[in-house]
Amino acid sequence: MKYTIYKYELMICQSQIIHMPKGAEILTIQVQRSKPQLWVLINCNDQMEASRAMVKRKICIEGTGHKIASYPGAYINTFQISNGDLVYHVFDGGEE
């Protein structure tokens, strides 16, 4: 099997939708050039099908100490910005 890793820049907001191929596997979220980035793994064997089958993936970002109204989804990772002054926790809300 062959795979490709895609990268998506994230906004720092409570909830956002990222358009990506169906079945993409989330690998991690880290900061690159002061901006949070999401990396996903795509199965290239299914690339033709995946390129036609795009889905909306909900990504939720919560700051440390903030109240969370409802379960945000599966935990992905934590990242820090502003020399560690701001800490955010990222969750996968799933495909829509």
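For the peptides 35-43, 6-14, the ranking by mean Cβ contacts within 10 Å, running from highest to lowest, is 35-43, 6-14. Solvent-accessible surface (1.4 Å probe) assigned to His66 amounts to roughly 120 Å². Couplings for the range 80-90, taken from phi via the Karplus curve 6.51 cos²θ - 1.76 cosθ + 1.60 with θ = phi - 60°, read 10, 9, 6, 6, x, 5, 10, 10, 10, 10, 10 Hz in order; Gly and Pro are left as x. Set against the labelled values (1) 5.1; (2) 7.0; (3) 6.4, mean projected area of the Cα convex hull in nm² computed from this structure falls on (3). Note on the chain: Lys pairs 8 or more places apart or on different chains, Cα atoms under 24 Å apart, count 12. Compared with the alpha-carbon gap, the fully stretched path from Gln14 to Tyr71 is longer by 19.3 nm at 0.36 nm per residue. Model label points for Gln80 and Glu95, set 7 angstrom from Cα along the Cα-to-Cβ axis, are 3.5 nm apart. Carbon-plus-sulfur fraction of the accessible area of the chain, 1.4 Å probe, in percent? Summing carbon and sulfur atoms, their accessible area is 50 percent of the total for the chain.
The values are calculated or read from the model by the stated rules, or taken from the named source; none is laboratory data. All values reported here derive from a predicted model rather than from experimental measurement. Neighbour counts are summed over all protein chains in view; Cβ atoms, including those assigned to glycine, are modelled from backbone coordinates with ideal geometry. These accessible areas exclude ligands, DNA and RNA; they are computed on the full protein's heavy atoms, side chains included. Shrake-Rupley method; radii C 1.70, N 1.55, O 1.52, S 1.80 Å.
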